[in-house]
Amino acid sequence: MIKSKFTQKVNIKPLDGDFRQKSFWLKTLPEVSGIEPLKGSTKCDIAVIGGGFTGLSTAYNLRLLLPGVDVRVMEANICGFGSSGRNGGFSSTLFGMDKSLTALRFGKINAISAHHYMEDAVEYLEGIIEKNKINCEYEKRGSLLVATTPSQTRRIDQQIRLADKWNLEGFELWDEKRLADEFNTKEYHRGMYYRKTGLLNPALLTRGSVKMAREAGAIVHEMSPVRSIKKNSTGFCIYTPDGELKAEKVIFATNAYSILFSGLSAKQTPIFQNIIVSEPLSREQINSIGWQSRCGIDDARTQFHYYRLTSDNRLLIGGGNIKPVFKQKIDQDHNEKVFTLLRSHILKIFPQLRGLNFTHEWGGPVSITVDMAPAISFLGRNQKMLYSLGLMGHGVSMAPYNGLCLAELVAGKKTRRTEMFFVGRKVPSWPPHLIRFPLLQFISGIMKAEDRFRWD
Ligand SMILES: Cc1cc2nc3c(=O)[nH]c(=O)nc-3n(C[C@H](O)[C@H](O)[C@H](O)COP(=O)(O)OP(=O)(O)OC[C@H]3O[C@@H](n4cnc5c(N)ncnc54)[C@H](O)[C@@H]3O)c2cc1C
């Protein structure tokens with residue numbers, strides 16, 4: 001047996017727990033059936049670890065590209081337990097931290113191609129939802145970046161100038177009058193509307209993706225946490241509490257949870273984001289705020305707030321201060337300080353909603369690389385292991401599209417996706433945890449101060 005750094009134990013404790021407690025979307029999901037944990041000893045050609053958007057799309061696309069191949073997805077809890085079942089449901093074209101930073105690190109041409117990749121990602125997801133008739137409350141409402149302070153107004157003007165300079169389509173400047181026609185708030189001074197963003201229910205999308213992967217011929221094992229992986233001369237042996245799976249290739253679709261795997265843990269780091277959701281707004285409350293377009297909204301802070309209406313007219317608000325986690329503590333879902341901040345922020349925007357009850361609060365990990373861009377790559381020299389991580393909190397559209405890219409890499413196809421600059425790259429490592437954690441706390445402190453003194 002060849003010893004490798006993947007002959008290791010995985011800490012599966014953070015993946016325990018009642019999935020229904022992890023988000024409003026998971027709580028309100030209809031009954032989850034067809035759970036098929038891995039039992040006994042079996043084998044397949046390709047094992048995909050992680051049953052979020054990335055893993056399920058990879059399995060689906062592998063079956064389409066290589067119909068004879070036996071593909072199995074291994075998910076520790078139910079599919080959607082991770083960030084895919086906990087996010088805000090914005091299917092957007094955001095990439096990395098922001099366009100200027102991507103241009104600074106990777107050059108202008110790559111930053112523009114990243115935007116086009118994301119446009120394709122949003123369209124690809126729309127096509128998948130339509131083709132597979134996934135009922136995930138998808139609405140193409142667009143999104144609005146709003147300035148709530150004069151400094152944020154300058155930031156939006158810069159963004160508009162950049163979009164013009166790079167010939168990016170779909171952006172509109174909304175002045176104070178246009179904003180006042182749409183919203184009953186005094187807080188909005190400038191807006192950049194972008195028509196291509198979609199909104200959806202992410203837990204329903206995940207369950208629809210499970211069905212889609214199964215119908216394409218992939219086997220999805222839920223409640224099957226991968227406890228260890230051993231490499232041998234022919235491939236890999238993957239162990240769960242009740243079974244073992246031999247596979248020729250392994251794909252790590254674990255994004256922020258990659259911290260649990262030693263070969264990946266330095267490539268990205270998880271930070272926590274939080275969301276709150278209100279009771280459904282009454283007709284009077286809806287009328288009092290305006291918002292006829294029902295577009296998604298972000299503000300122009302660095303640690304931005306984002307908000308939207310759900311299909312049953314609840315107000316969802318997320319973002320605000322991020323929280324780094326120490327080592328593998330990837331189950332720190334609750335953050336009272338952030339929940340309070342989110343409540344007070346939305347009531348500042350719409351004071352007429354005072355008294356509105358917030359019924360659900362949760363959090364989840366987003367995956368951050370040192371250079372603030374995603375990475376899809378082979379692990380090791382023999383091209384038998386691949387990974388996708390570093391989605392930077394923008395995975396609703398990107399993760400399914402990255403799944404297609406991963407499948408194409410395995411199939412040996414050269415496409416516009418596999419040729420992207422973040423595919424096959426070497427990601428710079430985060431330092432060891434004892435340095436990483438204080439460093440992340442320092443960075444989050446700087447972002448907080450920047451928002452307080454520059455953008456708020
Ligand atoms: C609060 C929050 C809000 C967000 N809002 C948005 C948004 O509005 N728009 C947007 O574009 N993005 C958003 N994101 C980011 C987006 O949710 C993610 O980028 C995306 O879901 C990542 O998908 P994934 O499949 O790569 O990872 P995940 O969905 O995290 O899937 C990884 C899976 O791997 C499983 N796993 C881990 N270890 C093991 C193991 N040992 N064995 C078996 N399985 C394992 C986990 O249980 C998990 O289900 C948000 C994220 C958070 C946390």
If you take the residues of the range 403-456 that are β-branched (Val, Ile, Thr) and within 28 Å of ALA147 (Cβ to Cβ), which of them is modelled with the highest pLDDT?
ILE443
If we ask which residues in the range 244-264 are at pLDDT 95 or above and more than 12 Å from the ligand (Cβ to nearest atom), their number turns out to be 5
Select, from SER293, SER278, the only residue that is touching a Phe, Trp or Tyr at 6+ places or on another chain (Cβ under 8 Å) and away from the ligand (no atom under 15 Å from the Cβ).
SER278
Please work out which one of (1) surrounded by fewer than 20 Cβ atoms within 10 Å (Cβ to Cβ); (2) within 30 Å of SER100 (Cα to Cα); (3) away from the ligand (no atom under 15 Å from the Cβ) is the condition LEU341 fails and give its number.
(3)
Requiring at least 2 residues that are more than 22 Å from SER258 (Cβ to Cβ), the strands (runs of 3 or more DSSP E) wholly within the range 65-174 are 143-147, 171-174
Under 6 Å by Cβ, and 6 or more places apart or on different chains, what pairs join a residue from the range 212-237 that is closer than 16 Å to CYS44 by Cα and outside any loop (DSSP other than H, G, I, E, B) with one that is more than 14 Å from the ligand (Cβ to nearest atom) and of a type in the set (Gly, Ala, Ser)?
LYS231/SER4
If you go through the range 167-181 one residue at a time, do you hit one that is closer than 18 Å to GLY319 by Cβ, modelled with pLDDT of 95 or more and either buried (at least 18 other Cβ atoms within 10 Å of the Cβ) or in contact with a helix residue (DSSP H, G or I) (Cβ under 8 Å, 6 or more places away or on another chain) (or both)?
no
How many residues are near the ligand (Cβ under 10 Å from one of its atoms), under 22 Å from SER57 (Cα atoms) and of a type in the set (D, E, K, R) if we restrict to the range 193-235?
1
Every pair of residues 6+ apart whose Cβ atoms lie under 6 Å, when the first sits in the range 416-431 and is within 13 Å of ILE368 (Cβ to Cβ) while the second is of a type in the set (S, T, N, Q)
VAL427/THR369; TRP430/THR269
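The values are calculated or read from the model by the stated rules, or taken from the named source; none is laboratory data. Model, not experiment: these values are computed from the prediction. Cβ coordinates were reconstructed from backbone atoms using ideal geometry, including for glycine residues, and neighbour counts include every protein chain displayed.
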